[in-house]
Amino acid sequence: MPGRRTLFRPCIDLHDGKVKQIVGGTLSDDTDALKTNFVANHPPRYYAELYRDNNLEGGHVIMLGKGNTDAAREALAAWPGGLQVGGGITDENCTEWIAAGASKVIVTSYLFPDTKFSLEKLARISDIVGKDKLVVDVSCRRRGDKWFVAMDKWQRITEMEVCKESLDLLSAYCSEFLVHAADVEGLCKGIDEQLVCNLGMWVTIPTTYAGGAKSVSDLQLVDELSQGKVDLTFGRQVCLQMHLLQPPDASSTVPWTSLEGLKLHLKNLSCTMQ
């Protein structure tokens, strides 16, 4: 991907049918342990329309647990073909989500029965939905100096290490990767710089990183660390800092999702997200 630069990718994380920003490491069936940074006042379609109206492509809708199907369908209906969807995706429902308006489906847990990777399952869902419409979520947790794919709300660690060999294997069956750094997700205390750097060396297909972004400058940091090969998703708290940016230049032709375009145009977006 020579000459490429890091892009901003929007997200809509759903929990109990509402748009939320959750501290990733606390996500489990134990509701008392759950830590939430933000619960939106607006419904999911509001954010989907916001991204649609500003042509913020490549975003994703993630269903964090049960009770989010209707909310996800609402978001997809607001921008058919404009958003990816993940959370509970299997070979049995993947085409239903494409029919519901998803541009791509994102899959993780389905590929790891009993935390063990199944190449057979990956090949099956890739054949059903098509490689071009499949995103593999290799969201992970750190163990020492390595990262391993995490599933089931990021609470169960699989046997698959996130490394060049595993990513090369997976990329033969999908068109994109999504990587949540679960240990720093939702904390807004900084990205996992080593993971981003490694991803920049390892990936050969479009890849979006999420987790820990705390300021607009992290977009530049990800661009430098990954050599422009990895895109970045911001949490709601970071987006609210955009009011410090200059107002958008109506005459500018720089894309919204470029590094320069983000600095030019995100002030209005941040104000409407409150």
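Order 209-215, 224-230, 140-146, 128-134 from most to least packed using the mean count of other Cβ atoms within 10 Å.
Ranked from most to least packed, the peptides come out as 209-215, 224-230, 128-134, 140-146.
More than 25 angstrom separation, counting every C-alpha pair in the range 67-226; what % is that?
Of all Cα-Cα distances in the range 67-226, 30 percent exceed 25 Å.
Taken over the Cα atoms of the range 123-217, the convex hull encloses 110 Å³ per residue. The range 156-172 and the range 106-121 have their alpha-carbon centroids 11 Å apart.
Just so you know, all these numbers are worked out from the coordinates, no wet-lab data involved. None of these values were measured; they are calculated from a predicted model. Positions of Cβ are backbone-derived with ideal geometry, glycine not excepted, and every protein chain shown enters the neighbour counts.
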